[in-house]
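Contents: one structure, followed by commentary.
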Amino acid sequence: MNPTAAKALFDAAVSGLSERLLQTRGWFVHSRVWPTVDLSFRHSERQELRLRLSCDDWNDTPPSVDLLAPDGSFLVGLPNQRPGPSPIYNAGAHPRTGRPFVCMAGVREYHEHPSHVNDLWANYKALDAYTLGEIVTQLWRGWERYWP
Amino acid sequence: MQASQGHQQSPKPNHLFVAVITTAGTFPAEGFDEVPEHQPVKVELDQASKRLGITSTNGWIATVDGRELNINESYVENNLKGTVEINWGPREGGGGCWR
């Protein structure tokens, strides 16, 4: 993706994160400056999760997602998640980063993982559920469902 | 969000105030729609998708305060009243990275 076009797509996407949406969902944006979105999910009954989405080459390439502690440091482990069929937050070491990662279509670590290299991002990128905002929505849904 | 705060009016009898929140925008753009309490939730979602240009909502869910709604049922059947902000978007997908 041409960097100028990627930045334009990124800027359009993050501008859709309205104050009303952020307030309703308990999302706190630390930064949304190209090519990175840094935000936290917060709720009084759940541990905070901070995520950093690196969106260079958006949307030819899906965002790379770092799982962070509230202070911005890398999570080196995950809390015990609530039971469920298929949690998206994987406590194992990702082959590239060596850290816990998000195992979900629409996230770079998923598509480059040996288990899913044949599940191509190209099959998702045009879907409404895989805009940058809706990828964040999916990450939030997973946090709501599984995070303690 | 079952949002009574920030919206001072009360809906007329047998109605409630509803807004649909997505990352593509909010419907209505400002404030809330006043809708019959026996209207299926999906009616408002359908209007939102048209207005916001969302064409594919397969696998999407509507939630209020983290609780998933049955969109084919009415607001009453979903135990909703007053002023409500519905979060609408895709359910998380994935899992299954084993190696």
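Here is a yes/no grid of residues against (1) polar (S, T, N, Q); (2) under 19 Å from B:TRP88 (Cβ atoms):
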site	(1), (2)
A:GLY106	no, yes
A:HIS113	no, no
A:HIS116	no, no
A:LEU127	no, yes
A:THR131	yes, yes
A:VAL136	no, yes
A:TRP140	no, yes
A:TYR146	no, no
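Taken over region A:87-100, the criterion of being polar (S, T, N, Q) and either away from chain B (no Cβ under 11 Å) or farther than 16 Å from B:GLU92 by Cβ (or both) is satisfied by A:THR97 alone.
Among the criteria (1) surrounded by fewer than 16 Cβ atoms within 10 Å (Cβ to Cβ); (2) within 14 Å of chain B (Cβ to nearest Cβ), the one A:GLY77 does not fulfil is (2).
Of the candidates A:ASN80, A:ASN59, the single residue that is within 17 Å of B:THR23 (Cβ to Cβ) and not hydrophobic (A, V, I, L, M, F, W, C) is A:ASN59. Residues of region A:109-127 that are assigned to a helix (DSSP H, G or I), touching a Phe, Trp or Tyr at 6+ places or on another chain (Cβ under 7 Å) and surrounded by fewer than 23 Cβ atoms within 10 Å (Cβ to Cβ): A:HIS111 alone. Scanning region A:128-148 for residues that are assigned to a loop (DSSP other than H, G, I, E, B) and touching a strand residue (DSSP E or B) at 6+ places or on another chain (Cβ under 9 Å) gives A:TRP147, A:PRO148. When region B:24-66 is filtered for residues that are of a type in the set (Lys, Arg) and farther than 30 Å from A:GLU45 by Cα, the ones remaining, listed by number, are B:LYS50, B:ARG51. If you go through region A:101-130 and keep only what is out of contact with any Cys (no Cβ under 8 Å at 6 or more places or on another chain), over 14 Å from B:GLY93 (Cβ atoms) and at the interface with another protein chain (Cβ under 8 Å from one of its Cβ atoms), you end up with just A:PRO114.
Within region B:66-99, the residues that satisfy the criterion of being on the phi > 0 side of the Ramachandran plot and either more than 10 Å from chain A (Cβ to nearest Cβ) or among the β-branched types (Val, Ile, Thr) (or both) are B:ASN79, B:GLY82.
Restricting region B:19-44 to residues that are of a type outside the set (D, E, K, R) and more than 13 Å from every other protein chain (Cβ to nearest Cβ), the residue that is surrounded by the most Cβ atoms within 10 Å (Cβ to Cβ) is B:VAL41.
In this entry, A:ARG141 passes the filter for residues that are surrounded by 20 or more Cβ atoms within 10 Å (Cβ to Cβ), basic (Lys, Arg) and within 17 Å of A:LEU49 (Cβ to Cβ).
Only the coordinates and a few stated rules stand behind these numbers; no lab work does. Computed from a prediction, not measured in an experiment: that's the story for all the values here. We place every Cβ from the backbone using ideal geometry, glycine too, and count neighbours over all the protein chains shown.
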